[in-house]
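What follows is a single structure, written as structure tokens, with notes after it.
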Amino acid sequence: MAVRTALAAALLLAATGCTADDTDPASSPGERTTETPSETAPESPASTEPETPEPSSTGSPTDTTAGDRVALLDWQDTGEPVDARVTVGDEWRVAVDRSRTTAELTGPTGGLALPAGPRRRFSEVLLDDEWAVLVAQDRAESRPSVARVVELATGDVRRVVTPEPASGGSWAMADGSLWYPTTGDGGAYCLATLALADSNGEDGWCAEPRTGWSGLTASSAGVGMMTFDDRRPVACRTVNLVDGSGLPQPVAEAEPCTGWDVAATETGAIWSVVPRARRQEEATFHATSEDGVVDLGAGTTGSLVPCGDSVFFVRDPQDRDDPARLMRWTAGPELEIAYESRSRGNAFLGEPVCSGDVLTLSSYGQDGDEQVWARVD
């Protein structure tokens, strides 16, 4: 179903174009970095980290709070070092080396190695049961990204040509379709859609001048994205679901201008809100259910991912005796704990990666690092 793997761990809103930091995730406990909106229209003059307005309220009178239930998944070691970027699927896996210059696909019919190309690094890896998409970004961010689509059943490799990808940006794949950034008329920053089976692509919605978008998620339930403007000192960030005509529509229940992550669900949406401007990695998560809005508690921005019939997000340790946790929401009254780190207090998790109904997760802490995978269904 849904796949989204962001290999860049820290991004900053830049003055022009689309930017993505090539630095690796922090390799020692406690050095978490946070993705900041980066996909801007070229006209945007913003060059500093946007502040978040203090929310005027924490929810509606219909809000309820989900209880946490321990329901750990059956996690298995990937067999790869934690600094290798691995995406595990049902039968296939993709491993990107530490330099991000080579990607290796392995599966039941053999293997395939793909180079990123001169002066490029792999920035996105998307994988499901039928397709793999590997995106190589120009290190100087001066050339469009190069994306290759691999049909797993045949080994056929082809390049995404039309619409031409923009440099960097957020990509997502679900149900045989691919969503990614492209450049429109006048340098506008636009959302492109591609049918993977026949490579039929088309331009879609474009951001207005001095605005941008980021944080694509996709599943059978729909497509989500965060849009933002360049207002100073406070940037307005809005969580949206893309409607049937390809236009982003704000999640009505979300606090205006303070959103970050968002994903579509069978009962509406799940999203995060950043309550404190100077702690952009800290968020509270909320979701719509048949009974209204559910408060899912604390979480980490940039970690929301749909997978299988659920949506997952990371929760950092809340005190010195707490582990880092992966939380699971399945539109019910309970929020489940799907993973807990061995380390306590000084620990954190990388962004979870989904391939169909398989999650891959990296865990860092003083008691040891690990990279593991598990089926969610």
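Brief remarks on what is shown
- Relative exposure of Asp309, Asp230, Asp74, judged by other C-beta atoms within 10 Å (fewest first): Asp74, Asp309, Asp230
- Distant-in-sequence amide H partners of Tyr189 (H built 1.01 Å from N, under 5 Å): Gly184, Ala207
- Total formal charge among the other residues, if their Cβ is under 10 angstrom from that of Thr267, Lys/Arg +1 and Asp/Glu -1: -3
- Whether segment 181-272 is rounded, prolate or oblate, judged on the alpha carbon gyration tensor where a/c under 1.5 counts as rounded: oblate
- Gyration tensor verdict on segment 317-377 (Cα atoms; rounded if a/c is under 1.5, prolate if a/b is larger than b/c, oblate otherwise): oblate
- The order of Glu141, Glu351, Glu124, going from fewest to most other C-beta atoms within 10 Å of their C-beta, is Glu141, Glu351, Glu124.
- Between amide H atoms placed 1.01 Å from N, distances below 5 Å from Cys307 occur with Phe312, all of them 5 or more places distant or on a separate chain.
- In terms of its alpha-carbon gyration tensor, segment 64-375 comes out oblate; a/c meets the 1.5 threshold, while b/c is at least as large as a/b.
Quick note: the coordinates plus some simple rules give every number you see, no bench work behind them. Note that this is a predicted model, so its numbers are computed, not measured. Every residue, glycine as well, gets a Cβ built from its backbone with ideal geometry; the counts of neighbours run over all protein chains shown.
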